[in-house]
Amino acid sequence: MNRQLAFPFISNTLTIHGFHANVVGPGWFYPDHSHTSFELLYCWGGEATEWLDDYPILFERGDWLLIPPGVKHKTLNKNKDYFTYISLLFDTDNIHFLKKL
């Protein structure tokens, strides 16, 4: 089955609220929190468990995760290896783009 997600020419404002890359050791934990904007996570290396509203998701190297505004989430690296990730917090004012997200 072929699937396509296409975005035609879009004129809008993209606001970046924060960006960071982090390498964390075994046992690292980030507690429950939420944002007023979207969070886009990328697992660069290792793996961790990400909970979205208390639903666990294994987050492995190469995975992307888009977390909508208001969703509670937390992260735990329960492995013996380092976990490397990138986080981007953003918003947009384009209603059509928001519906596709």
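The values are calculated or read from the model by the stated rules, or taken from the named source; none is laboratory data. Predicted model only: the values in this text are computed from it and were never measured. Counting neighbours? That spans all protein chains shown, and the Cβs are built from the backbone with ideal geometry, glycine included. With ligands, DNA and RNA removed, areas are computed over all heavy atoms of the protein, side chains included. Shrake-Rupley method; radii C 1.70, N 1.55, O 1.52, S 1.80 Å.
One table, with the values for the structure above:
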read-out: Within-12-Å neighbourhood charge of GLU47 [Cβ basis; K, R +1; D, E -1]; value: -1
read-out: Solvent-accessible area, 1.4 Å probe, carbon plus sulfur percent, for the chain; value: 56 percent
read-out: Length gained when the stretch MET1-THR13 is fully extended (0.36 nm per residue, less Cα-Cα span); value: 1.0 nm
read-out: Separation of the HIS20 and HIS33 label points, Cα + 7 Å toward Cβ, nm; value: 0.6 nm
read-out: Within region 21-64, backbone nitrogen closer than 17 Å to the virtual label 7 Å beyond the Cα of THR92 toward Cβ; value: 37-41
read-out: Values of log10 I(q)/I(0), in the order q = 0.20, 0.25 Å⁻¹, for region 17-101 under a Debye, Cα-only, solvent-free model; value: -0.91, -1.31
read-out: 1.4 Å probe accessible area per residue over the chain, in Å²; value: 69 Å²
read-out: Expected 222 nm ellipticity per residue - DSSP helices of 4 or more, -39500 (n - 2.57), all of the chain, to 500; value: -1500 deg cm²/dmol
read-out: Local electrostatic count, LEU14, Cβ distance below 9 Å [Lys/Arg +1, Asp/Glu -1]; value: -2
read-out: Quotient of C-alpha Rg and 2.2 N^0.38 Å, computed over region 1-66; value: 1.40
read-out: Loop trypsin sites (Lys or Arg not before Pro), the chain, which have at most 10 other Cβ atoms in a 10 Å radius of their Cβ (DSSP); value: ARG3, LYS80
read-out: Furthest towards positive pole of dipole, LEU41, GLN4, TYR85, structure part the chain, Cβ charges; value: GLN4
read-out: Computed FRET value (nearest 0.05) for LYS99 with VAL71, which takes r as the C-beta separation and R₀ as 22 Å; value: 0.85
